[in-house]
Structure formats: structure tokens, C-alpha cells
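A short write-up of the structure that comes next.
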Amino acid sequence: PKQHAPGKKGNLEIFFFKDNNHNGTYDMGEEAANSGTVLINGIIFMVPANGTIVYSKIPYGAYQLSMPMQNGYQISPVQVKVDQKNSKISIAMQKSGNAVGKISITLDEQKSLAVNTSLAGITLLVRSSDGTVRTVKTGEAGQYSVYLPEGEYQIYPDNTLLPENVYYDGKNATVAVFAGVETNIPTLILKVREKKVEIKGFKN
């Protein structure tokens, strides 16, 4: 449908390859992806045998690419800008594994402030060794699961998005992810701020 929109249009050519040494570039000995699917702004494309797909005559603008885990590989979500007649990019597919964890909350019913203690929808930040940050949200019981390329990561709650009077002051959880392996992440414990108690002194 976008092909019929007014304004400037261009062609987007994307080459997918298996980045087996995890350096993000297409090196000698690495092979093109020869199957699978990719989403471009929610539209599904089949990756052909040569690893290259072409999205033709699309309006200038930003396009979001994502790929579900397939055959042990996936890509990091990426945004591509189309601002010329022909745009060509290469996308690295990396071996990935699954990391699972949960959060909990601790409070003192006598001392803690009243807060929303729901563990659902808490935003966690997942930082890779190269500084890339992803986000994942928790489920109803505080559990979460995220597929990640092989490597080492730090996971911690986003304090700016926690419910009022809830905070996290613990250490970042660290985890090493390996392809095809499910890795457990140490539990992250949230805290609740305590009430301010006024102490009055009495003179004799």
C-alpha cells in the first residue's frame, strides 16, 4: 500500500548474513542467510537463497526491522532510514540464546509507604558489553524472558519507570548467554521507601 503514497520514493535492499564471529561485519568465510522471515514495519518478507531482499518504491522515511529467533539466529531490532533512490545495508544475524529471570519486592508493612506492589510491566534494561541497551518487561508474577546474541550482559530495573516510592539499589545482575542455551538470571529485588517518623521531645 505504501507504494501508492505521494512523495519521494526509494528502493531498500537488505543483505542478511550469519555473523559467526560477532563483529557485526560480513567477513570472508561467513555465509548469507538462505531462509527465514524478517519484519519491516510489520510486513513479513521471506529471505531468499542469496540472503538479499528488496523493498521497492517505498516512501522516504524510517523503517523498523526485526526478526524472530530462527535456526538459532536472530537480529537486533534496527531502524533503517530511506532518504535516497537506492539504499543498501547489511544486517548481521547472530547466534542467540534465551535468558530468563524474575523480580521480587520487599517491604515492611509497618514502616513502608503504601505502594502499588504489582510486579507486572516493570521495565528492565539489558546492557551488552558493547554498550547496546535493550528493554524487556515483566509478566504478571514478575518473570521475564529475552532472546539475546551470545555474549555477556548486565540486567537492572529502570528506576525512572518504577512505581512511586519503589526503587532498586542493588547490583546489576550479570549473565553470560550462549547459543541454544537457556540461562537463569539472578533475582532482582525491589525495595519500598519507608515512612518518615517524627520524633517529638518532651521537656521535664
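The values are calculated or read from the model by the stated rules, or taken from the named source; none is laboratory data. Worth saying up front: this structure is predicted, and the values here are computed from it rather than measured. Note that we place each Cβ from the backbone using ideal geometry, even for glycine, and neighbour counts take in every protein chain shown. Ligands, DNA and RNA are stripped out before the accessible areas are found, and what is left, the full protein with its side chains, is counted by its heavy atoms. Shrake-Rupley method; radii C 1.70, N 1.55, O 1.52, S 1.80 Å.
Explain nothing, just compute: Karplus ³J(HN,Hα) = 6.51 cos²θ - 1.76 cosθ + 1.60, θ = phi - 60°, for every residue of the range 52-68 in order, whole Hz, x for Gly and Pro.
So the Karplus estimates, Gly and Pro as x, are 10, 10, 10, 9, 9, 6, 9, x, 4, x, 9, 10, 8, 10, 8, 9, x Hz.
Taking the solvent-accessible surface of protein heavy atoms with a 1.4 Å probe, what is the per residue accessible area of the chain in Å²? Kindly include the intermediate steps, with their values, before the conclusion.
Numbers: 12470 Å² over 204 residues.
Using a 1.4 Å probe on heavy atoms only, each residue of the chain averages 61 Å².
Here are several values of volume of the Cα convex hull per residue in Å³: (i) 147; (ii) 128; (iii) 179. Which one was derived from the coordinates shown?
Answer by label: (iii).
Which of the GluC sites (Glu not before Pro) found in the range 6-43 are in a DSSP loop and have at most 13 neighbouring Cβ atoms, other than their own, within 10 Å?
In loop regions of the range 6-43 (DSSP not H, G, I, E or B), the sparsely surrounded GluC sites (Glu not before Pro) are GLU31.
Taking 8 Å as the Cα distance limit and 6 or more residues as the minimum spacing, I'd like the relative contact order of the chain as a percentage.
Numbers: 465 pairs, mean separation 39.9, N = 204.
Taking the mean separation of contacting Cα pairs over the length of the chain, I get 20 percent.
Extension gain SER118-ASN21, at 0.36 nm per residue separation less the Cα-Cα distance, in nm? Write out the running numbers ahead of the final one.
Values: separation 97, 0.36 × 97 = 34.92 nm, distance 4.10 nm.
Going from the current span to full extension adds 30.8 nm.
Give me the percent of DSSP beta bridges within the chain that run antiparallel, rounded to the nearest 5.
On the way: 46 of 61 bridges.
About 75 percent, rounded to the nearest 5.
Would you mind computing, in nm to one decimal, how far apart the modelled labels at GLN110 and SER66 are, each placed 7 Å from Cα along Cα→Cβ?
About 4.7 nm separates the two model spin labels.
Roughly speaking, to the nearest percent, how much of the range 50-204's 1.4 Å accessible area is carbon and sulfur?
Details: 4570 of 9510 Å².
About 48 percent, which is the carbon plus sulfur part of the accessible surface.
Hey, what do the phi angles of the range 163-174 turn into as Karplus ³J(HN,Hα) couplings, whole Hz, using 6.51/-1.76/1.60 and θ = phi - 60°, x for Gly and Pro?
Coupling constants for the range 163-174: x, 4, 6, 10, 8, 10, 10, x, 7, 5, 6, 10 Hz.
Give the distance, in whole Å, between the Cα centre of the range 85-125 and the Cα centre of the range 1-79.
For the range 85-125 versus the range 1-79, the Cα centre distance is 26 Å.
Across the range 56-204, how many lysine pairs, 8 or more apart or on two chains, come within less than 23 Å at their alpha-carbon atoms?
Lysine pairs meeting the criterion: 14.
For the range 1-93, what does the alpha-carbon gyration tensor say about shape, rounded, prolate or oblate, given a ≥ b ≥ c as the root eigenvalues, a/c under 1.5 as rounded, and a/b over b/c as prolate?
Details: a/c = 2.18, a/b = 1.83, b/c = 1.19.
Here the range 1-93 falls in the prolate category.
Once the piece of chain linking ASN172 and VAL54 is laid out straight, how much longer is it, given 0.36 nm per residue of separation minus the C-alpha distance between them?
Numbers: separation 118, 0.36 × 118 = 42.48 nm, distance 4.12 nm.
Using 0.36 nm per residue and subtracting the Cα-Cα distance, I get 38.4 nm.
For LYS196 and SER129, FRET efficiency with R0 = 35 Å and r from the beta-carbon atoms, rounded to 0.05?
Efficiency, from the Cβ-Cβ distance: 0.30.
Given Cα pairs under 8 Å that are at least 6 residues apart, what percent is the relative contact order of the range 99-170? Before the final figure, lay out the partial values.
Numbers: 106 pairs, mean separation 26.1, N = 72.
36 percent.
State whether the range 65-171 is rounded, prolate or oblate according to the following rule on the C-alpha gyration tensor (a ≥ b ≥ c being the square roots of its eigenvalues): a/c under 1.5 gives rounded; otherwise a/b larger than b/c gives prolate, and the remaining case gives oblate.
Values: a/c = 2.91, a/b = 2.19, b/c = 1.33.
Cα axes put the range 65-171 in the prolate bin.
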